[in-house]
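Note sheet for the following structure.
Bear in mind that the values in this text are calculations on the coordinates, not laboratory data. Predicted model only: the values in this text are computed from it and were never measured. Note that each Cβ is placed from the backbone with ideal geometry, even for glycine, and that neighbours are counted across all protein chains shown.
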Amino acid sequence: MTEFSYSTAGFIDRSLELALTAIAEAGFIRVEISSQEALRRFVLAGGGLMIDHDTGWFMASPFPEIAVRDVPTQRVESVRHVVETDLQVVLAHPTLGGLQEEARFATEFRDHMVFRAGNRGKVIIENVFGDPVYVLGEMGTGRVLFSSSYYGYTRPLVAVERQAFLGCIEWLAQ
């Protein structure tokens, strides 16, 4: 409990999304999710878990072996958001449904965060600055994906981003 500013335990009467929003509005930059151990048990027992966008950045990582948040240095807004920056495949992984390395795409939402891969994490998509944006890994018999994109906020996903997203969902569900 040394790397967080607030715990969601203070918001047990609210949804996780509302709790994270309230914590962010209060100015905290780190948060511990009270049910992190439950998330670990779920994945270790064979579950698939996607941790995305602000959730993956604000909370202390329940899987530091796979990924932890990182602080971007280029095209940054609000400390954590990289804006108006294309992404590209850096590892042709089965998760991506046949996408090959160097496939480049603009995201539906205008920003994303970045991660640092742990010793059990594989970076499959980075932004054009080389910052990891999709990091995946396996723990026990389960799977975890850290994706700092925000999906379907302003319009439906298309093309490469849609293929990557759906491939990740299918991989997590296996």
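Note on residue 65 and residue 37: the model spin-label points, each 7 Å out from Cα along the C-beta direction, lie 1.8 nm apart. Here 172, 91 are placed in order of increasing Cβ neighbour count within 10 Å, fewest first, which gives 91, 172. Fewest neighbouring Cβ atoms within 10 Å first, the residues 141, 55 line up as 141, 55. Residues of region 113-131 with an amide N closer than 17 Å to a point placed 7 Å from the Cα of residue 101 along the Cα-to-Cβ direction: 122-131. Residue separation of residue 74 and residue 119 scaled by 0.36 nm, minus their Cα-Cα distance, works out to 13.7 nm of gained length. In a Debye calculation with equal point scatterers on the alpha-carbon sites of region 38-173 and no solvent, what is log10 I(q)/I(0) at q = 0.16, 0.17, 0.21 Å⁻¹? Log-scaled intensity ratios, in q order: -0.74, -0.84, -1.30. Along region 94-111 the Karplus relation, 6.51 cos²θ - 1.76 cosθ + 1.60 evaluated at θ = phi - 60°, assigns HN-Hα couplings of x, 4, 8, x, x, 5, 9, 4, 6, 4, 10, 8, 8, 8, 5, 8, 7, 9 Hz to successive residues, with x for each Gly and Pro. Scanning residues 5 or more positions from residue 67 or on other chains, those with amide H under 5 Å from its amide H are 118, with H placed 1.01 Å from N in the peptide plane. Maximal additional length on extending the residue 45-residue 173 stretch stands at 44.8 nm, based on 0.36 nm per residue less the C-alpha distance.
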